[in-house]
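Working notes, structure below.
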Amino acid sequence: MGKVIAVANQKGGVGKTTTAVNLATSLAAVEHPTLLVDFDPQANCTSGVGIDARTVASSTYEVLIGSQPLADVVLSTEMPYLDLAPSHINLVGAEIEMVDIPERERILRRALAEVQHRYDFVVIDCPPSLGLLTLNALTAASSVLIPVQAEYFALEGLGQLLNTIKLVRQHLNPELEIEGVLVTMFDVRLRLANQVAGELRKYFGDKVFQTIVQRNVRLSEAPSFGKPVLLYDATSIGSRNYIALAREVIARSMGRPDLPAPATASIGGDGAGHGHS
Ligand SMILES: Nc1ncnc2c1ncn2[C@@H]1O[C@H](COP(=O)(O)OP(=O)(O)OP(=O)(O)O)[C@@H](O)[C@H]1O
Ligand SMILES: [Mg+2]
């Protein structure tokens with residue numbers, strides 16, 4: 001039965017989609033069958049793996065309103081072992097259209113139950129809000145991965161997210177765990193970035209991934225070519241960081257959180273914090 005990881009943070013632009021696409025790709029690269037679920041009307045995940053959202057016949061929108069089973073929506077991608085449940089701009093209206101549906105927070109969970117056995121991992125990309133779409137993702141998930149951008153006000157809003165996670169545990173999904181907190185867009189030259197990472201470690205302890213995703217131009221270029229970074233530039237820092245993250249996620253799923261990530265991807269491993277301030 002696949003492990004379902006929701007990538008969530010209601011703050012915009014913190015690296016959710018970049019993380020969902022590249023974590024899913026890195027898991028697939030080591031031959032773990034993986035399903036990437038695009039649950040954001042912006043459809044950035046869908047275009048990020050080279051599929052034009054305007055041309056998809058059906059999407060996670062049809063799944064949510066109950067007109068299509070998830071299995072009929074899933075597409076294969078250029079990457080072996082990686083499937084995609086695409087999104088469509090229609091998804092914008094889903095939250096409103098669903099107000100009368102009973103148990104509307106559990107629709108994705110039920111839909112996933114039918115396909116989950118085919119995958120080792122399911123990675124869900126959430127939109128930047130704590131509305132019904134994110135609630136569906138958190139209700140369907142075994143765990144939530146929280147990307148946090150290493151910048152000012154990084155911790156702002158995290159309380160609200162943690163509170164939502166608590167409520168979901170109480171009312172919808174008692175098994176929901178925190179997979180980990182991921183520091184993203186880390187700039188090795190900035191002392192501030194180190195401070196943010198330090199503060200996160202103080203608060204979340206070993207829930208913070210050892211892997212830190214550095215700011216890397218390859219990661220921001222790859223989506224415009226419709227490619228995960230691994231297919232765009234396999235030797236880039238961004239590729240290496242997300243491979244390291246996948247190793248950690250695999251280790252945690254095997255109950256071995258102690259398995260060290262490669263040094264290149266952790267604080268200090270690249271000389272972070274030395275020399276510049
Ligand atoms: N490590 C990185 N290095 C450089 N650029 C990055 C990195 N991570 C993300 N970006 C870029 O930052 C922008 C925001 O990232 P992304 O779309 O992943 O965030 P998001 O949290 O999904 O945003 P939204 O809340 O709008 O869904 C994108 O242009 C992306 O290419
Ligand atoms: Mg996004």
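Among the residues of region 139-172, the ones that are outside any loop (DSSP other than H, G, I, E, B), closer than 27 Å to residue 48 by Cα and either over 16 Å from the mean Cα position of the chain (by Cα) or within 16 Å of ligand 1 (Cβ to nearest atom) (or both) come to 8 in all.
In the set (1) touching a Lys or Arg at 6+ places or on another chain (Cβ under 9 Å); (2) more than 16 Å from ligand 2 (Cβ to nearest atom), residue 128 fails one condition alone, (2). Of all the listed residues (33, 80), the sole one being touching a Lys or Arg at 6+ places or on another chain (Cβ under 8 Å) and not hydrophobic (A, V, I, L, M, F, W, C) is 33. The residues listed here are 179, 175; of these, the one that is closer than 22 Å to residue 161 by Cα, modelled with pLDDT of 95 or more and part of a loop (DSSP other than H, G, I, E, B) is 175. One residue alone among 86, 33 is within 16 Å of ligand 2 (Cβ to nearest atom), over 12 Å from the mean Cα position of the chain (by Cα) and not charged (D, E, K, R), and that residue is 86.
Scanning region 187-211 for residues that are more than 11 Å from residue 147 (Cβ to Cβ) and part of a strand (DSSP E or B) returns 208, 210, 211. With respect to residue 1, is the statement that it is of a type outside the set (Val, Ile, Thr), modelled with pLDDT under 95 and more than 16 Å from ligand 1 (Cβ to nearest atom) true? Yes, satisfied. Picking from residues in region 2-25 that are of a type in the set (D, E, K, R) and more than 8 Å from the chain's Cα centre (by Cα), the one that is farthest from ligand 2 (Cβ to nearest atom) is 3. Note on region 133-152: among residues that are out of contact with any Lys or Arg (no Cβ under 9 Å at 6 or more places or on another chain) and surrounded by fewer than 21 Cβ atoms within 10 Å (Cβ to Cβ), the one that is modelled with the lowest pLDDT is 152. Residues that are surrounded by 21 or more Cβ atoms within 10 Å (Cβ to Cβ) and within 13 Å of ligand 1 (Cβ to nearest atom) within region 37-48 comprise 38, 39, 40, 41, 43, 45, 46, 48, listed in sequence order. Within region 115-129, residues that are assigned to a helix (DSSP H, G or I) have Cβ atoms under 8 Å from residues that are away from ligand 1 (no atom under 16 Å from the Cβ) and of a type in the set (Gly, Ala, Ser) in these pairs: 116/2; 117/2; 118/2, counting only partners at least 6 apart in sequence or on another chain. Of all residues in region 17-36, how many are within 23 Å of residue 62 (Cα to Cα) and near ligand 1 (Cβ under 10 Å from one of its atoms)? So the answer is 3.
Annotation note: Cβ proximity below 6 Å between a residue of region 209-228 that is within 16 Å of ligand 2 (Cβ to nearest atom) and a residue that is part of a strand (DSSP E or B) (sequence gap 6+ or interchain) occurs for 213/184.
The values are calculated or read from the model by the stated rules, or taken from the named source; none is laboratory data. Every value quoted in this text rests on a predicted model; they were computed, and no experiment measured them. Glycine also receives a Cβ, built like all others from the backbone with ideal geometry; neighbour counts cover every protein chain displayed.
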